[in-house]
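> A single structure is presented below for examination.
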Amino acid sequence: MAQRGARAGEVGSLDILAFGAHPDDVEIGAAGTLILASRQGRRVGIADLTCAELSSNGTVERRQEEAAAASRLLGLKARFNLGLPDRGLQFVHKQAHDMIVELIRKTRPQIVLAPYWQDRHPDHESVSRLVKEAVFTAGIGRYRTEALLPAHRPARLYYYFINSTAAPTFVVDISDVYIEKMEVLRCYKSQFEREEGSVSTPLNNGYLENVAAREQLFGQQVGVAHAEGFVSAVPLSLPSLL
């Protein structure tokens with residue numbers, strides 16, 4: 001498995017494993033939730049499928065440095081990069097699928113996060129489909145990849161928002177760590193700030209303000225200052241109404 005950063009075998013099991021197409025995707029939708037989980041003693045990891053080598057601004061090397069800084073603030077136990085082609089995931093579907101299956105089986109998370117399946121960026125939608133398929137496949141004992149790892153099916157798959165603002169199934173109150181979330185996002189200066197020689201993109205034209213407005217909207221709906229929204233494709237089970 002081609003990876004930059006931590007090796008899955010060295011990390012051990014994780015409680016939460018969040019997948020994104022590019023470094024910064026997971027942070028946009030779920031940084032606050034992951035910070036809270038880390039502070040609660042949960043073992044949290046992120047897997048970026050690509051190095052974002054086609055980004056309009058920044059370089060692969062700088063993006064990796066930014067991701068490392070963000071990871072420290074998030075309190076991650078591991079960050080992986082699968083080294084798959086930016087804007088080319090549709091051409092390596094089987095390879096990507098099996099790499100995700102192997103990572104899930106190696107880290108054995110209880111909760112997996114993936115981008116919401118409707119997004120303006122095709123790579124985000126590709127990752128959403130890939131992770132859904134891989135989560136299912138990882139639990140099939142007779143499905144074998146080169147690593148020959150035992151099957152594991154995460155208990156839950158939830159979808160976070162990057163560019164979408166669909167109605168969430170549930171929200172997580174991140175009011176206490178909202179400032180920290182914004183600090184994490186500001187680690188990606190090459191993407192969210194206008195610098196000398198940079199190209200104008202949606203990300204460096206008020207994007208962080210849009211993220212803040214979405215978190216405030218979700219928070220307002222449940223009576224808190226800021227919240228991150230998530231979608232479950234299947235009903236959530238409650239022990240009772242009380």
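> Specify which of the listed residues (Glu53, Glu65) is part of a loop (DSSP other than H, G, I, E, B) and at pLDDT 95 or above. Walk me through it before giving the result.
Values: Glu65 fails: part of a loop (DSSP other than H, G, I, E, B).
After ruling out the rest, the residue left standing is Glu53.
> Let me ask something additional. Take Arg42 and tell me if it is touching an Asp or Glu at 6+ places or on another chain (Cβ under 7 Å), closer than 18 Å to Val177 by Cβ and among the basic types (Lys, Arg). Full working, then the answer.
Values: touching an Asp or Glu at 6+ places or on another chain (Cβ under 7 Å): yes; closer than 18 Å to Val177 by Cβ: yes; among the basic types (Lys, Arg): yes.
Yes, satisfied.
> Additional query: Which of the residues belonging to segment 175-200 are within 18 Å of the chain's Cα centre (by Cα) and closer than 16 Å to Asp24 by Cβ? Outline the logic, then answer.
If we filter segment 175-200 for residues that are within 18 Å of the chain's Cα centre (by Cα), which is where we start, we get 177-178, 180-188, 191-192.
Selection gives Glu180, Lys181, Met182, Glu183, Val184, Leu185, Arg186, Cys187, Tyr188, Gln191, Phe192.
> Consider only pairs whose beta carbons are under 8 Å apart and that are at least six residues apart or on different chains; among these, list those whose first residue lies in segment 196-215 and is part of a helix (DSSP H, G or I) and whose second residue is exposed (fewer than 15 other Cβ atoms within 10 Å of the Cβ).
If the second residue must be exposed (fewer than 15 other Cβ atoms within 10 Å of the Cβ), the pairs left are Asn204/Glu193; Asn204/Arg194; Arg214/Thr165.
> When you check Glu180 against the structure, is it at pLDDT below 95, out of contact with any Leu (no Cβ under 6 Å at 6 or more places or on another chain), among the charged types (D, E, K, R) and closer than 30 Å to Ser56 by Cβ, yes or no? Please lay out each step first, then the result.
Values: at pLDDT below 95: no; out of contact with any Leu (no Cβ under 6 Å at 6 or more places or on another chain): yes; among the charged types (D, E, K, R): yes; closer than 30 Å to Ser56 by Cβ: yes.
For Glu180, the condition - at pLDDT below 95, out of contact with any Leu (no Cβ under 6 Å at 6 or more places or on another chain), among the charged types (D, E, K, R) and closer than 30 Å to Ser56 by Cβ - is not met.
The rows are residues; the columns are (1) over 20 Å from the mean Cα position of the chain (by Cα); (2) modelled with pLDDT of 95 or more; (3) surrounded by fewer than 19 Cβ atoms within 10 Å (Cβ to Cβ).
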position: Asn163; (1), (2), (3): no, yes, no
position: Asp173; (1), (2), (3): no, yes, no
position: Gln220; (1), (2), (3): yes, yes, yes
position: Gly229; (1), (2), (3): no, yes, no
position: Ser232; (1), (2), (3): no, yes, yes
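> Could we say that Met182 is in contact with a strand residue (DSSP E or B) (Cβ under 9 Å, 6 or more places away or on another chain), hydrophobic (A, V, I, L, M, F, W, C) and touching a residue at least 24 places away in the same chain (Cβ under 8 Å) here? Before the answer, list the steps.
Values: in contact with a strand residue (DSSP E or B) (Cβ under 9 Å, 6 or more places away or on another chain): no; hydrophobic (A, V, I, L, M, F, W, C): yes; touching a residue at least 24 places away in the same chain (Cβ under 8 Å): yes.
Answer is no for this residue.
> Can you tell me which residues in segment 68-78 are in a helix (DSSP H, G or I) and of a type in the set (A, V, I, L, M, F, W, C)?
First pass over segment 68-78, keeping only residues in a helix (DSSP H, G or I): 68-74.
Of everything in segment 68-78, those that are in a helix (DSSP H, G or I) and of a type in the set (A, V, I, L, M, F, W, C) turn out to be Ala68, Ala69, Ala70, Leu73, Leu74.
> Please determine, by comparing only the residues of segment 168-195 that are part of a helix (DSSP H, G or I) and among the basic types (Lys, Arg), which one is nearest to Pro235 (Cα to Cα). First the steps, then the outcome.
Of the residues in segment 168-195, the ones part of a helix (DSSP H, G or I) are 175-186, 189-192.
Subset that is among the basic types (Lys, Arg): 181, 186, 189.
Values: Lys181: 28, Arg186: 35, Lys189: 38 Å.
Taking the candidates together, the pick is Lys181.
> Taking Ile111 as the residue in question, decide whether it is modelled with pLDDT of 95 or more, in contact with a Pro (Cβ under 9 Å, 6 or more places away or on another chain), more than 17 Å from His22 (Cβ to Cβ) and surrounded by 14 or more Cβ atoms within 10 Å (Cβ to Cβ). Break it down stepwise before answering.
Details: modelled with pLDDT of 95 or more: yes; in contact with a Pro (Cβ under 9 Å, 6 or more places away or on another chain): yes; more than 17 Å from His22 (Cβ to Cβ): yes; surrounded by 14 or more Cβ atoms within 10 Å (Cβ to Cβ): yes.
So Ile111 fits the description; yes.
> If you check Lys94, Lys132, which single one turns out to be more than 20 Å from Val231 (Cβ to Cβ) and either of a type in the set (Lys, Arg) or assigned to a helix (DSSP H, G or I) (or both)?
Details: Lys132 fails: more than 20 Å from Val231 (Cβ to Cβ).
The conditions single out Lys94.
> Report, by residue number, each residue of segment 135-161 that is at pLDDT 95 or above, in a loop (DSSP other than H, G, I, E, B), of a type in the set (A, V, I, L, M, F, W, C) and exposed (fewer than 15 other Cβ atoms within 10 Å of the Cβ). Spell out how you get there, then give the answer.
At the first step, the residues of segment 135-161 found to be at pLDDT 95 or above are 135-143, 149-161.
Then drop every residue that is not in a loop (DSSP other than H, G, I, E, B), which leaves 139-143, 149-155, 161.
Remaining after also requiring of a type in the set (A, V, I, L, M, F, W, C): 140, 149, 151, 155, 161.
Result: Ile140, Ala155.
> Exactly one condition in (1) in contact (Cβ under 8 Å) with a residue 60 or more places away in the chain; (2) surrounded by fewer than 24 Cβ atoms within 10 Å (Cβ to Cβ); (3) of a type outside the set (Val, Ile, Thr) is false for Trp117; which is it?
With (1) in contact (Cβ under 8 Å) with a residue 60 or more places away in the chain; (2) surrounded by fewer than 24 Cβ atoms within 10 Å (Cβ to Cβ); (3) of a type outside the set (Val, Ile, Thr) applied to Trp117, the lone miss is (1).
The values are calculated or read from the model by the stated rules, or taken from the named source; none is laboratory data. Remember, predicted model here, so these are calculated numbers, not experimental data. Here the Cβ is made from the backbone with ideal geometry for all residues, glycine too, and neighbour counts use every protein chain on show.
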